[in-house]
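> Got a structure here, written out as structure tokens. Questions coming.
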Amino acid sequence: MAHDPEVRPFGYEDLKSEYNMTDEQIAKLDRKAQDILGNGIVMIDGALRDEECTPQEKINRSLVFISITMDLIEKNFNEILSELIPKKELN
């Protein structure tokens, strides 16, 4: 599977080394991402099962929910990173 050159996958060790995150912070990030993903799956499932929509509308709604879910996961990651950055570095 090809990756977008601007999107680099990272894992646990990257979070520890590159972002200086603690195990507790990584667990918090993971829990929140799981909550967001769970809610996203429920929304996507609902869109795909909606009998009042055409197949095209089901797909379009699902894609919107996927986009929203990914944006929320990214926002969560950025919020946790911003908590780690000292305020003097932000100025």
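The values are calculated or read from the model by the stated rules, or taken from the named source; none is laboratory data. Since we're looking at a predicted model, the values are computed, not measured. Cβ sites come from the backbone with ideal geometry, for glycine too, and all protein chains shown count toward neighbours.
> Within segment 10-29, count every residue that is assigned to a helix (DSSP H, G or I) and touching a helix residue (DSSP H, G or I) at 6+ places or on another chain (Cβ under 9 Å).
Residues that pass the stated criteria total 8.
> Residue under question is PRO55, and the condition is that it be surrounded by fewer than 11 Cβ atoms within 10 Å (Cβ to Cβ), of a type outside the set (Phe, Trp, Tyr), at pLDDT 90 or above and farther than 17 Å from GLU83 by Cα; does it hold?
On the way: surrounded by fewer than 11 Cβ atoms within 10 Å (Cβ to Cβ): yes; of a type outside the set (Phe, Trp, Tyr): yes; at pLDDT 90 or above: yes; farther than 17 Å from GLU83 by Cα: yes.
Yes; evaluated as a whole, the condition is true for this residue.
> Suppose we filter ALA47, ALA33 for residues that are out of contact with any Gly (no Cβ under 8 Å at 6 or more places or on another chain) and farther than 26 Å from GLU6 by Cα; which single one remains?
On the way: ALA33 fails: farther than 26 Å from GLU6 by Cα.
Result: ALA47 is the single residue among ALA47, ALA33 that is out of contact with any Gly (no Cβ under 8 Å at 6 or more places or on another chain) and farther than 26 Å from GLU6 by Cα.
> Which residues, counting only those in segment 20-42, are touching a Ser or Thr at 6+ places or on another chain (Cβ under 9 Å), surrounded by fewer than 17 Cβ atoms within 10 Å (Cβ to Cβ) and not polar (S, T, N, Q)? Full working, then the answer.
First, pick out the residues of segment 20-42 that are touching a Ser or Thr at 6+ places or on another chain (Cβ under 9 Å): 36-37, 39-41.
Restricting the remaining residues to those that are surrounded by fewer than 17 Cβ atoms within 10 Å (Cβ to Cβ) gives 37, 39, 41.
Those that are touching a Ser or Thr at 6+ places or on another chain (Cβ under 9 Å), surrounded by fewer than 17 Cβ atoms within 10 Å (Cβ to Cβ) and not polar (S, T, N, Q): LEU37, ILE41.
> Next up: Which numbered condition trips up SER67, out of (1) within 30 Å of ILE85 (Cα to Cα); (2) in a loop (DSSP other than H, G, I, E, B); (3) not aromatic (Phe, Trp, Tyr)?
It is condition (2) that SER67 fails.
> Go through ARG49, ARG61 for me and flag whichever is surrounded by 12 or more Cβ atoms within 10 Å (Cβ to Cβ) and not polar (S, T, N, Q).
Numbers: ARG49 fails: surrounded by 12 or more Cβ atoms within 10 Å (Cβ to Cβ).
Result: ARG61 is the single residue among ARG49, ARG61 that is surrounded by 12 or more Cβ atoms within 10 Å (Cβ to Cβ) and not polar (S, T, N, Q).
> Which one of these does LEU48 not meet: (1) at pLDDT below 95; (2) in a helix (DSSP H, G or I)?
Tallying (1) at pLDDT below 95; (2) in a helix (DSSP H, G or I), LEU48 fails exactly one: (1).
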